[in-house]
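Down below is the structure, laid out as structure tokens.
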Amino acid sequence: MNSPRYLNLFKIALPLPGISSILHRISAVAIFVLSLPMMGILVFSLSSKANYEIIILLFENILFKSLFSLFITAIFYHFVSGLRHLVMDFGYWETLRAGRVSALATFISTGLFFFSFLYLTW
């Protein structure tokens, strides 16, 4: 039996539940990477009123505001997708159609959250 010698990963079309599962893992990495700086900022801002004013000025920076929005959205997506995986672990939504619908619902709810969060913070 001949094994494939070249596998072009960009030509493989992943189904929607597969994309959702990969994004669940990516959001976990984003949360892990951004948690320490965000906790440091929180501790710094709570230490004195002057430090709080510094952090308020930091929130005016578009790069920081973008990273903070990414962090909060990653937490929300990871939570919703984790609930989806938990329901699947209990034996529900295991058909192809149900997996596709639940992945789409995860994307839609995260998108709605993201745009409402952007509206409130920007």
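The values are calculated or read from the model by the stated rules, or taken from the named source; none is laboratory data. Predicted model, so just to flag it, every value in this text is computed and none were measured. Virtual Cβ from ideal backbone geometry, glycine too; neighbours counted across all protein chains shown.
Residue-by-condition table, conditions (1) over 23 Å from I19 (Cβ atoms); (2) assigned to a loop (DSSP other than H, G, I, E, B); (3) under 17 Å from the mean Cα position of the chain (by Cα):
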| site | (1), (2), (3) |
| --- | --- |
| L42 | yes, no, no |
| Y52 | yes, no, no |
| L57 | yes, no, no |
| E60 | yes, yes, no |
| L63 | yes, no, no |
| T73 | no, no, yes |
| V101 | no, no, no |
| S109 | no, no, yes |
| L112 | no, no, yes |
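Taken across the range 92-101, residues that are surrounded by 15 or more Cβ atoms within 10 Å (Cβ to Cβ) and of a type in the set (K, R) do occur, with at least one present.
Just one of the numbered conditions (1) closer than 27 Å to L104 by Cβ; (2) in contact with a Phe, Trp or Tyr (Cβ under 8 Å, 6 or more places away or on another chain) is not true of F79: (2).
Looking only at the range 6-28, count every residue that is surrounded by 10 or more Cβ atoms within 10 Å (Cβ to Cβ) and farther than 19 Å from L86 by Cα and tell me the total. Before you say what the answer is, go through the steps one by one.
To start, the set of residues in the range 6-28 that are surrounded by 10 or more Cβ atoms within 10 Å (Cβ to Cβ) comprises 14-28.
Now drop any that are not farther than 19 Å from L86 by Cα, which leaves 14-15.
Residues that pass the stated criteria total 2.
Within the range 55-84, residues that are charged (D, E, K, R) reach partners that are assigned to a helix (DSSP H, G or I) and modelled with pLDDT of 95 or more with beta carbons closer than 6 Å, at six or more positions or on different chains, in the pairs R84/S102; R84/T106. Looking only at the range 76-99, residues that are farther than 20 Å from L14 by Cα, in a helix (DSSP H, G or I) and of a type outside the set (F, W, Y) come to 5 in all.
Which count do you get for residues in the range 1-31 that are more than 14 Å from Y77 (Cβ to Cβ) and either hydrophobic (A, V, I, L, M, F, W, C) or assigned to a loop (DSSP other than H, G, I, E, B) (or both)?
So the first thing to find is which residues in the range 1-31 are more than 14 Å from Y77 (Cβ to Cβ), and the list is 1-18.
This time we only want the ones that are either hydrophobic (A, V, I, L, M, F, W, C) or assigned to a loop (DSSP other than H, G, I, E, B) (or both), so: 1-10, 12-16.
Total meeting the criteria: 15.
When each of S69, S45, S81 is tested for being within 19 Å of F113 (Cα to Cα) and crowded, with 16+ Cβ neighbours inside 10 Å, the lone residue that passes is S81.
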